[in-house]
Structures are given as C-alpha cells and as structure tokens.
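The values are calculated or read from the model by the stated rules, or taken from the named source; none is laboratory data. Computed from a predicted structure; not experimentally measured. Neighbour counts run over all protein chains shown; Cβ positions are idealised from the backbone, glycine included.
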Amino acid sequence: MAKVMLYKIKWALSAFFLSFFCASLKLPGYFAFPLFSKGLKRVSIGKYVRIYPHLRIETHGEGNITIEDCVSIAQNVHITSGSNVLISKDSVILANSFITSIDHDYKDINLQMSKQPYLCKDTIIGRNCFIGMGVSILAGTTLGEHTIVGANSVVRGVFPSYCVIAGAPARVIKKYCHETKEWLSVNKSMVDSD
C-alpha cells in the first residue's frame with residue numbers, strides 16, 4: 001500500500017512538472033515517466049487523467065491533441081497529430097495502442113517516404129470509449145460514445161455510439177439495444193442497412 005502511494009505521489013509530481021510545458025494540464029492527474037514528447041505546447045490534458053509509462057505523444061505542424069477529464073492511458077501508447085486528435089472524457093486506452101490524425105502520402109515515387117507530405121484528418125474518440133490492447137486508430141476516424149474496440153483492431157471510418165467493433169479492418173460486430181438493455185450481435189447486412 002505504501003509503495004503504491006509513493007508511485008502516485010511521484011506521478012502527481014511528474015504531472016505538475018509537465019504542466020509547465022503543455023497548452024494546459026489540469027490537476028489532479030498523474031504521468032509516469034519515461035515519456036517521449038514533441039510539441040507539448042499543443043497538448044491539452046484534463047483533470048484525473050492517468051498516463052502510464054512509455055507514452056509517446058507528439059504534434060506536428062498545426063496539430064493539436066486534447067485529452068479530456070478522467071481518461072486512462074496504459075503503457076506504450078503512441079498518439080500523434082497533424083490536425084486534431086480528441087480523446088473524450090472517461091475513455092480507456094489499453095497498452096500498445098496507436099492513435100493518429102496523420103497518414104503519409106506515397107504517390108511521388110521519386111521522393112523518399114520520410115519526405116512525403118502528411119495527409120491529415122481529425123480523429124475523434126467519443127466519450128466513455130474502451131480501446132483494447134494493440135489497437136491502431138487511423139486518421140479521420142470518429143468513434144461514437146461508448147464504443148468498444150477489440151484488441152489488435154485496425155480502425156478507420158465513422159462508427160456509431162453504443163457498438164462493439166473489431167477486426168482488421170474493424171467493423172461493427174455488436175450494438176447495444178436500449179429497449180432490451182443488452183448487447184446484440186449484428187451481421188454485415190444489418191450494419192450496412194443502418
């Protein structure tokens with residue numbers, strides 16, 4: 001118990017230290033180091049945010065990252081933005097996941113891949129979402145409120161609230177029925193007709 005409390009104090013002090021470098025960082029909350037960052041002055045973080053070790057968070061050009069209140073981000077997560085990335089309140093992101101608003105162009109075959117321009121589209125994680133381990137959320141994705149993303153999914157597109165998505169590429173596999181208060185499996189034809 002005492003050891004856990006020491007970690008929390010250390011993480012709270014880390015958050016206080018980082019608050020001088022971010023666009024805004026509301027306390028209380030905690031960060032665990034090590035942390036790799038680029039462009040923290042374009043990162044806004046709400047209250048009660050918990051960020052575990054080995055976060056890589058970076059903004060490029062006009063990119064912004066907003067992490068709202070009560071978000072939990074596990075270890076080894078990479079978040080990068082060239083436009084806007086919003087992680088809405090109460091969401092959970094498990095380890096080894098990747099969230100971006102950047103695609104790399106590849107059309108000019110006479111130009112090195114690392115010198116190709118960025119293609120940026122806003123990425124939005126809705127309120128109270130759960131992102132499983134090893135998920136990649138690609139540029140231009142919007143997740144509705146209370147969307148559950150299965151482990152190792154590759155996500156691009158717009159997904160409704162109250163659904164479970166999984167796969168590579170991810171697709172809706174369950175929806176919540178408010179009338180019966182249960183999660184119901186869906187088949188592809190049901191999803192396409194919505």
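Of (1) part of a strand (DSSP E or B); (2) within 22 Å of residue 157 (Cβ to Cβ), residue 56 satisfies all except one. Which?
Only one criterion in (1) part of a strand (DSSP E or B); (2) within 22 Å of residue 157 (Cβ to Cβ) is unmet by residue 56, namely (2).
Identify, please: which residue in the range 1-23 is among the small types (Gly, Ala, Ser) and surrounded by 11 or more Cβ atoms within 10 Å (Cβ to Cβ) and is, among those, farthest from residue 49 (Cα to Cα)?
My answer is 23.
Which is β-branched (Val, Ile, Thr) and buried (at least 23 other Cβ atoms within 10 Å of the Cβ), of 124, 109, 102, 131?
131
Within the range 96-113, identify whether any single residue is of a type in the set (Asp, Glu), in contact (Cβ under 8 Å) with a residue 24 or more places away in the chain and touching a Cys at 6+ places or on another chain (Cβ under 9 Å), and answer yes or no.
yes
Tell me, which residue of the range 97-118 that is of a type in the set (A, V, I, L, M, F, W, C) and modelled with pLDDT of 95 or more is nearest to the chain's Cα centre (by Cα)?
Only one residue fits best here, namely 99.
Does residue 69 qualify as being free of Cβ contacts under 8 Å to residues at least 60 places away in the same chain, closer than 22 Å to residue 157 by Cβ, surrounded by fewer than 18 Cβ atoms within 10 Å (Cβ to Cβ) and among the acidic types (Asp, Glu)?
no
Quick check on my filter: what residues within the range 145-178 are within 20 Å of residue 101 (Cβ to Cβ) and crowded, with 17+ Cβ neighbours inside 10 Å?
Residues satisfying the conditions are 147, 149, 153, 155, 159, 165, 170.
So which of 52, 118, 48 ends up being more than 26 Å from residue 151 (Cβ to Cβ) and of a type outside the set (Asp, Glu)?
Working: 52 fails: more than 26 Å from residue 151 (Cβ to Cβ); 48 fails: more than 26 Å from residue 151 (Cβ to Cβ).
So the residue among 52, 118, 48 that is more than 26 Å from residue 151 (Cβ to Cβ) and of a type outside the set (Asp, Glu) is 118.
Could you list, in sequence order, all residues of the range 51-68 that are of a type in the set (Ser, Thr, Tyr) and in contact with a Gly (Cβ under 9 Å, 6 or more places away or on another chain)?
Matches in the range 51-68: 59, 66.
Quick grid of which residues meet (1) assigned to a helix (DSSP H, G or I); (2) small (Gly, Ala, Ser); (3) at pLDDT 95 or above; (4) touching a helix residue (DSSP H, G or I) at 6+ places or on another chain (Cβ under 9 Å):
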position	(1), (2), (3), (4)
15	yes, yes, no, no
20	no, no, no, no
44	no, yes, yes, no
70	no, no, yes, no
79	no, no, yes, no
85	no, no, yes, no
95	no, yes, yes, no
